[in-house]
1. Out of (1) out of contact with any Asp or Glu (no Cβ under 8 Å at 6 or more places or on another chain); (2) at negative phi, what's the single condition that is false for GLY73?
2. Mind telling me which of the residues TYR367, TYR429 ends up being in the same structural domain as ARG302 (by TED's automatic domain parsing), farther than 23 Å from SER116 by Cα and either free of Cβ contacts under 8 Å to residues at least 12 places away in the same chain or surrounded by 18 or more Cβ atoms within 10 Å (Cβ to Cβ) (or both)?
3. Working only within region 195-239, note down all residues that are open to solvent by less than 30 Å² (accessible area, probe 1.4 Å) and assigned to a loop (DSSP other than H, G, I, E, B).
4. Looking at region 1-45 only, could you name the residues that are closer than 21 Å to VAL250 by Cα, in contact with a helix residue (DSSP H, G or I) (Cβ under 7 Å, 6 or more places away or on another chain) and part of a helix (DSSP H, G or I)?
5. Could you figure out which of (1) surrounded by fewer than 17 Cβ atoms within 10 Å (Cβ to Cβ); (2) in contact with a strand residue (DSSP E or B) (Cβ under 9 Å, 6 or more places away or on another chain) isn't true of GLY271?
6. Among the numbered conditions (1) in contact with a Leu (Cβ under 6 Å, 6 or more places away or on another chain); (2) open to solvent by less than 10 Å² (accessible area, probe 1.4 Å), tell me where SER413 comes up short.
7. Hey, LEU150 hits all of (1) open to solvent by 10 Å² or more (accessible area, probe 1.4 Å); (2) under 27 Å from ALA431 (Cβ atoms) but one; which does it fall short on?
8. Across region 268-294, what is the total count of residues that are part of a loop (DSSP other than H, G, I, E, B) and either away from the ligand (no atom under 16 Å from the Cβ) or of a type outside the set (Ser, Thr, Tyr) (or both)?
Amino acid sequence: MSALKNVLDELRKISYLNGAEALLSWDQETYMPEGAGTARSNQIAYLSTLTHNTMVGGVMKKNLAELVDLETGDIRDESLPEMEQRRVKEIWRDYHHAAALPADFVEEFSKHSSMSQQLWVKARKANDFEMFRPSLEKTLAFKHREIGYLGAMDTPYDTLLDEYEPHMTSAKVTVLFDEIRARLVPLIKDIQAVKERVDNQLLRQNYPVAQQWDFGVDMLKVMGFDLKYGRQDKSAHPFTTSTYPTDVRVTTRLHENDLKSALLSTLHEGGHGLYEQGLPVEEADNPFGQAISLGIHESQSRLWENLVGLNRHFWTFAYPKLKAYFPTQLDGVAVDKFYKAINCVQPSLIRVEADEATYNLHIMVRYEIEKLLINENYPVSKLPELWDDKMEEYLGIRPDKNANGVLQDVHWSFGAIGYFPTYTLGNLYSAMWFNQAQIEIPGLDEKLAAGDLMPLRNWLKEKIHRHGRSKSAAELVKEITGQELSAQPFLDYLEKKYRGIYGL
Ligand code: ZN
């Protein structure tokens with residue numbers, strides 16, 4: 001077992017480096033003075049180099065090679081217990097990924113993506129796609145090289161998808177989106193046809209941010225986010241990061257004239273935060289202490305944001321608390337009216353502002369375009385038109401300008417291609433978890449209505465968080481629900497809920 005012990009020792013060093021890097025990055029988005037930018041990117045880049053060098057270094061290589069075939073990932077030491085073989089396979093997965101990409105490629109691409117991201121900010125502001133186009137073309141060229149190094153799977157796009165959602169294939173994702181398209185597009189058309197609109201203007205009054213903040217912290221505590229092992233701060237774009245399961249940072253952003261934004265982002269990041277806090281601390285330095293995939297991570301945030309945060313039972317408990325913070329703004333507004341307002345469905349141009357029903361159509365647009373870009377070499381110059389056509393086809397609205405269309409997301413600018421589907425996968429998983437929780441936690445609706453959220457949090461920890469990467473996403477779904485991943489539970493949930501709200 002000494003080779004494994006040596007490998008785990010190397011991983012511990014990497015874990016410490018990752019923790020320090022996460023903290024520097026968190027600081028960069030929250031408290032760092034503006035002028036520290038250059039020094040900070042140098043510091044972070046150097047830590048990344050150290051991490052990479054440790055991962056592919058001689059000690060790791062020599063010891064890992066005793067356990068596993070470094071080329072194929074086949075276990076060499078069959079005497080290892082089954083769980084240890086799994087652990088070694090996951091370590092190899094990370095090693096193989098790091099070792100496959102040449103150092104000069106990583107450095108070149110990292111420089112390009114940071115420039116490209118800055119250029120995207122300017123191009124979006126100027127509403128100028130042509131300004132951004134050459135940079136995106138270069139990004140795609142890097143991605144093709146990356147696929148070359150990592151090896152094409154079923155399709156070139158699958159190689160990229162696999163980086164964010166291990167073992168998921170685009171064939172499976174396409175089947176899921178076909179189901180979503182078939183049921184969601186008509187549902188949204190039906191909602192659009194309803195004459196009596198749901199009024200959400202009451203969420204757009206003046207809501208002082210200090211009270212919004214306090215209410216958000218109350219909700220984090222109710223969810224079971226442990227402030228002894230975590231904290232919340234403000235940032236321009238909400239995110240969650242963790243230096244260790246005992247130090248989990250969530251952020252939120254507050255808008256004075258938008259009650260829903262901070263409310264849901266706090267619950268969303270809180271859900272990510274609970275996953276990070278629920279990972280097994282005794283495994284924190286190796287893959288068994290890490291999240292399975294972005295899709296599974298997103299299933300945790302979306303469960304708290306949507307299945308709980310947009311749930312009528314939850315607001316029986318939470319609405320009086322919210323009203324205590326905003327007695328004037330919510331004066332005379334009954335809980336049902338508020339519930340309908342936060343559940344307003346309205347096709348819109350911007351993904352990050354979309355409601356839970358139309359959101360997945362935004363993802364579908366991006367997924368279809370990404371596959372064309374990677375698998376078919378679709379010309380980048382034609383992207384704006386393609387984007388607008390797809391928006392019109394699925395959501396019934398056409399962007400007024402590229403800034404509200406193809407230029408709206410940061411992801412492609414830094415090369416995160418294959419990432420978008422994990423948002424929708426998260427929604428699909430979350431509905432499956434919530435259905436199962438309702439079976440296994442007696443009186444869950446009543447518990448939500450009473451503000452007793454700990455049984456749900458503990459259920460998620462027991463069923464999902466504590467396993468880290470010791471199970472694959474597919475195994476986890478099968479084990480918890482007895483079924484394969486499917487879009488049906490999510491679509492059933494949306495149809496039942498919104499046909500109720502809109503009287504369809
Ligand atoms: Zn998220």
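1. Unmet condition: (2).
2. When all the criteria are applied, what remains is TYR429.
3. Residues satisfying the conditions are VAL198, TYR207, GLY224, PHE225, SER235.
4. Matches in region 1-45: LEU17, ASN18, ALA20, GLU21, LEU24, SER25, GLN28, ARG40, ILE44.
5. The single condition GLY271 does not satisfy is (1).
6. (1)
7. Evaluating LEU150 over (1) open to solvent by 10 Å² or more (accessible area, probe 1.4 Å); (2) under 27 Å from ALA431 (Cβ atoms) leaves (2) as the failure.
8. 8
The values are calculated or read from the model by the stated rules, or taken from the named source; none is laboratory data. Since the model is a prediction, treat every value here as computed from it, not as a measurement. Using ideal geometry, Cβ is built from the backbone for each residue, glycine included, and neighbour counts are taken over all protein chains shown. Ligands, DNA and RNA are excluded from the accessible area calculation, which covers all protein heavy atoms including side chains. Shrake-Rupley method; radii C 1.70, N 1.55, O 1.52, S 1.80 Å.
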